[in-house]
Each structure stands twice: as C-alpha cells, then as structure tokens.
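A.B. asks: Can you keep this structure in mind? I'll have questions shortly.
The values are calculated or read from the model by the stated rules, or taken from the named source; none is laboratory data. Just so it is clear, the model here is predicted, and its values are computed rather than measured. FYI the Cβ positions are ideal-geometry reconstructions off the backbone, even for glycines, and counts take in every protein chain you see.
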Amino acid sequence: MGGGKVAIFKKQAASQESVAEKVKSSDGNQEVGENNSPRYSVGIDLGTTNCVISYVDLTSDILSLVHEVFPIAQLCDAGSVEDRFQFPSFLFSPHEEAFQAESLQVPGIVEAQAPAWIYGEWARELGVKTPSRLVSSVKSWLGQHHVDPHSAFLPLEASDDTPKISPVAVCTLYLRYLFSAWNHRFPDALIHQQDVVVTIPASFDPAARELTVKAIQEAGIQQVVLLEEPQAAVYSWILKNGENWRKHLKVGDVLLVVDVGGGTTDLSLLAVSEEMGAVTLQRLAVGDHLLLGGDNMDLALAIRLQKKLAKEGHTLQAWQILGLAQACRLAKEKLLSDQTLQPLPIVVPSRGSKLMGGSIKTDLSIEEVRETLVEGFFPMVAITDAPKQGIRAALAKVALNYTQDAAVTRHLAAFLRKHREALPGSLSQSDASFIAPSVVLLNGGVFKSQVFADRVMESVNHWLLEAGLPEARLLAGSDLDFAVGRGAAYFGFVRQQGRGVRIRGGVASSYYLGIESSLPAVPGFEPPISALCIAPFGLEEGAVVSLPHQVFALTVGEPVHFRFFGSKTRRSDEAGLLLESPESDTLEELPMIELVLKDDEAKMGDRVNVYLKATISEIGTIDVDALSVSRPEKTWKVSFDVRDRGQL
C-alpha cells in the first residue's frame, strides 16, 4: 500500500437509522437470566445469495440427534406470505406509491414502516424488473477494502428518490429479520437465549469478521460464534454419516473442500491426523474471496442468448438481460437435471406488452448450457495454469472486486500450487508441485448438477495422475443447499456438549505489523519498513502473544498510521520474527490504519517505549496492545476492525 493520504476511520453515520426499516426487535426487550440455558443450537448460513437457519435440540443424544431446517416466512407477492426454507439475500426499495404499506407486512416480523424494504423471494423478483432499486451480494461488500462498509451507497445505481443504505446496515436488517422470524415461531425460546453460530467465508479477514459481529450485535445478539463455511460443510457431512465418517476419512488424508454457491467460490484444505489415538481434523489453508458462482453462470447464459437475439435484430436493455438471467437459471436447472429434454422456450421480459405474441422469444438447449457453463467455468486446464488477468481500464464504476477469470478450475489449480507446503511434517507428500488431495468434498448449489461435480473430479484426478499420484475419491452424501446451516448447528451442539469431532483451525494467515527503521533524514528517501510477526499461522482463537523482550518507540499525541501485512503461505514464522523485506511476494499489505494515540503525560509527538501484545479473539479478530515499559498501567489498543476508508 505505501504512501499517500490515508483515510481516517469513521463511525457509522447517524442517518443510517432513518433508512433502516424497523423489523421487530429480535430480543423481545428481555434479558437472559443466569438460569436461562440455551435449548437449541442455531446455525445461520448468512449466504451471499440465500440465507438458511438450521437448529438442533441441545438436550438430544448425539446418536439420535434431531436436526431441523427452519421455515422462514417471507413475502412472495403483495400481501402474500409463504414459508420457505431459503431466504434469498435480496433487499428491494419500492417506490413510495407502488404498494400499500399493509401489503408489505410480514405478521410478527415486519411492520408497516416508511421508507419500506421488501426482503427475500419477492425482493429478488422485483429486482429483475427494476435492478436500480435492488441490493444484492451484500455480504461480499464486507470484505472489500476500497469502500467504507458503514457508508450508505447501496443500491449502486439508485436514483435520487431511492433510499440508500450501507452494507453493514443491510446485513443487520437481514439478521434482524431472521431473528424476528425465529422469535415469532419460538416465543418461549428467544434467539438471543440460544447458542447461535453464524457462518462466514473462510477468506474473511479479521476486519470483515468484526463487521459481521457488529451487524449481529446490532440485530440483537451480543454473544455469537463464527464458523467458516467450508468447515460447516464438513461438519454437516460428518453429521449425516454418523460414526461411519471414520470409514471414509483416514489418517494421512488431505481433504479438499470446493464450495461454489450462488455468488462466491470458497476453497479449503484440511488434514486428517491422529492425536493420542483419536482421529482429528485440522484446517491447513483457505483460498481467496472469489466472487464467482452460479449467478455468473446465469448471466453467461443470458449474454449468450442476447448475442443470439442480436443476430435476429433484437436489442435488449440492461434490465432485460437481468430478467433473462433469471429465466436462464430456471431453464438451466431443468436441462441439467434431465439432459434428454428438448430446448426450452425463453421469454424475454418486457414492459407494457399486453399480448404474449408481442414478446421476444428464444430457446435454450442442453448443448448451449454445457458449452457455456462446463467449458467456460470448469474447463480442463493444466495444474500449472494461472487465473487470467487482463489489463483493466483506468477508470471503472464503483463495484465489487469481481474476479476476472471465470474458470473455477484455474483458480483451483492455483490454490493447490500456492499451498503445496501446507502439510505438517508428519503428513509430508512427495516432491510434487502442488498439494495433493486424497479426498474431495463438494458443497454449494452449483454442484446439484452432476456435470459440474464430475468435471471437478475429472480435473483433480487428471492433475494427480500426471504427477504419478493416486486418484482422489469423492465424499458422497452432501446436502448442497442446507449443508452450511446444518453444519453450523451441529458445530454448536458439539461445542456445547463437548462431544463429537472438532476441526482445529486457528488464524488462516500469519499477520505482521510494520516497524519503521530509525535513520537520519535524507531528501527523497523514506525509512525502510520491517514486518514483525504478531500472530503466526494457525494460532488458536483465544490465544495471546506477548513480546516483552522487543521494545519499540510509539509516537503519541499526533496522527500516526499502522501498516499491517498478511501471508497465507508463510507457515513457519514465529511470533516476534522481524522480516526485513515486507515487500516480498509472500506478504500482502492490508489496509492501513490511521489514528491518534493520546497520552496526558506526554507532549504531542513524544515517543514512548512500549512492547506489544496481540490477542486472537474467539471470533478470529485481532487486537494489538502497546504496553508502556515505564508505566505498566498504560496501554494503547489498536483494533483490527478498521480499514482504509474510500469515499463514494
């Protein structure tokens, strides 16, 4: 990141409250008493495209565990409320005069308010016709470094008469809605009295984790546990297989989890090892946050049909292409489930057309689906292939940082190469150019189509055979739509009861703090920066790293900045290690933090000798304390929940 003006962290604007719709309070204005033990473990999959709530009764025996998916009441049309097991992660802002306030209510969950928001299934449908009023993929905004997630800028293309809202506020609204839906159905077991686990992408950095927790707390729950989505999928598979899971996973196995959902691709590696005679699972590596999933596929089909219609003289508007993508999604699912079907008719959405005869029509065949999706998103590639990076335009609209290469298999190959040294010594493999998985678990709605699952396994096994290694085997029996929510609930059960298998994780990166060298002033020369390891890879949640023997000078009383670095590949660095060249390609600079550290006993610009202490919270965030050497009671805290704030 380097020089230049650094934006100062800003708190969420008070005007957010005027935008956020009043969903009924999730806590019922009640406090949890000392004797209120949780009845349920509740797993919440806060998905990019769909949310799911699952739960288990904590009084159950692990061998006869009753597992439920929670039906979420939501609007499917004006005044029409239905229970659905999935809650689409979409928020729509209707025009003030479009609907009567009463028709937007969801009894017991959403009251009539102005301005109003429409949630879930109906929001997604309305957004097809009026995308400028639709908010989607909001969770991914929490992991973006180039925007202020507390700033109200969504929907991006909104007109002046459309209320705007921040990503954090939208996540808060989703969670408040889900909590209220639970409380309406379980008034005697309110959500804030239960053991709640919320899932996040494995790629979320500490700042994104902290933002997620803030949204959860604003929605009404103060104590929560976060769980990485690929780990939740593994827990769900274990739950489904019961005691037989050990027959499918053996000591020495390397488990690759490929999770391709509606909006993101999440990759993780786990090792199966043995400790004191017991089989254990340990998370080895996680991939980057890839904005690539089923939504990209639907849009790809829509663009293919757009080109076909253009040859027939039809020009489509942007909103029609989005509507076409929705129609392609439904047709794609039918064609892939029965590949003997004839081409399916597709009607392009139109406005003001009274007769079907005036609509634009085309069709979609299984050959077009396979060519566009299988070869476009899951091509056969070499293990040495890297994701393609084109030259970007200097200026672009503010948007999510979408991946440029749509090929999931190229991202997968790069992931396996990047983490070839991830295995501990006891599980070392041959001198291959990539880490070799022996088992694969697939998750996410994309893999409901067997053709995509087959292509992933074909790709992985092609790489393994070329390297002279045994083929990987696929773990069957995944619950692709509900696995993450179910796995989260099961994890909560295991955590509460102290029974069952636990996946060992810890922080998925090593983290470093920039330390400036002390040199005389030289024109045009900035003092070099070293990188101090404050949180080694794999450090368990709840751990504290103290470095009392390394003393540094801390500037107080004037604006200063902290530079942070992270590495997903430097696994052997120990706390206290000082790297002289943080510009190494093994380190990635994280957003800079700028603040003023106050000290009533010092003058502005004074330097105070301190040593550092880093704490890994239970949710995976990092706090750094600078402790005065001469005044033991004096501490300055730097939280990892702030980031470079761009202005929109």
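A.B. asks: For segment 88-115, what are the residues that are surrounded by fewer than 22 Cβ atoms within 10 Å (Cβ to Cβ) and hydrophobic (A, V, I, L, M, F, W, C)?
C.D. replies: Ala98, Phe99, Ala101, Val106, Ala112, Ala114
A.B. asks: Is it true that some residue in segment 190-212 is surrounded by fewer than 24 Cβ atoms within 10 Å (Cβ to Cβ) and within 25 Å of Pro94 (Cβ to Cβ)?
C.D. replies: Within segment 190-212, not a single residue is surrounded by fewer than 24 Cβ atoms within 10 Å (Cβ to Cβ) and within 25 Å of Pro94 (Cβ to Cβ).
A.B. asks: Within segment 510-566, which residues are outside any strand (DSSP E or B) and β-branched (Val, Ile, Thr)?
C.D. replies: Within segment 510-566, just Val556 meets the criteria.
A.B. asks: Look at Ile221 and say whether it is more than 27 Å from Ser478 (Cα to Cα) and assigned to a loop (DSSP other than H, G, I, E, B).
C.D. replies: For Ile221, the condition - more than 27 Å from Ser478 (Cα to Cα) and assigned to a loop (DSSP other than H, G, I, E, B) - is met.
A.B. asks: May I pose another question? State all residues of segment 536-553 that are at pLDDT 90 or above and among the hydrophobic types (A, V, I, L, M, F, W, C); if no residue qualifies, say none.
C.D. replies: Val544, Val545, Leu547, Val551, Phe552, Ala553
A.B. asks: So, in segment 263-287, of the ones that are more than 20 Å from Met457 (Cα to Cα) and not hydrophobic (A, V, I, L, M, F, W, C), which residue ends up surrounded by the fewest Cβ atoms within 10 Å (Cβ to Cβ)?
C.D. replies: Only one residue fits best here, namely Gly277.
A.B. asks: Go through segment 219-244 and give me each residue that's under 16 Å from Leu267 (Cβ atoms) and either aliphatic (A, V, I, L, M) or more than 20 Å from the chain's Cα centre (by Cα) (or both).
C.D. replies: Scanning segment 219-244 gives Ala232, Ala233, Val234.
A.B. asks: In addition: I'm trying to understand the selection: among the residues of segment 469-509, which are at pLDDT 85 or above and part of a strand (DSSP E or B)?
C.D. replies: Residues satisfying the conditions are Arg473, Leu474, Ile503.
A.B. asks: In contact with a strand residue (DSSP E or B) (Cβ under 9 Å, 6 or more places away or on another chain), outside any loop (DSSP other than H, G, I, E, B), farther than 30 Å from Ser151 by Cβ and among the polar types (S, T, N, Q) - does that describe any residue in segment 419-439?
C.D. replies: yes
A.B. asks: Sticking with this structure for a sec: When you look at Val608, is it surrounded by fewer than 14 Cβ atoms within 10 Å (Cβ to Cβ) and either under 23 Å from Ser517 (Cβ atoms) or modelled with pLDDT of 85 or more (or both), yes or no?
C.D. replies: Criteria not met by Val608.
A.B. asks: Restricting to helices (runs of 4 or more DSSP H) lying wholly in segment 289-393: which have 2 or more residues that are within 29 Å of the chain's Cα centre (by Cα)?
C.D. replies: Of the helices (runs of 4 or more DSSP H) lying wholly inside segment 289-393, those with at least 2 residues that are within 29 Å of the chain's Cα centre (by Cα) span 294-311, 318-337.
A.B. asks: Continuing with the same structure: What's the number of the only condition in (1) farther than 26 Å from Glu333 by Cβ; (2) modelled with pLDDT under 95 that Leu255 fails to meet?
C.D. replies: Checking Leu255 against (1) farther than 26 Å from Glu333 by Cβ; (2) modelled with pLDDT under 95, the one that fails is (2).
A.B. asks: Which condition does Thr59 not pass, out of (1) at pLDDT 90 or above; (2) surrounded by fewer than 21 Cβ atoms within 10 Å (Cβ to Cβ); (3) among the hydroxyl-bearing types (Ser, Thr, Tyr), if it passes all the others?
C.D. replies: For Thr59, the exception is condition (1).
A.B. asks: Something else now. More than 17 Å from Gly262 (Cβ to Cβ) and at pLDDT 90 or above: does that describe Lys129?
C.D. replies: Judged against the criteria, Lys129 is not a match.
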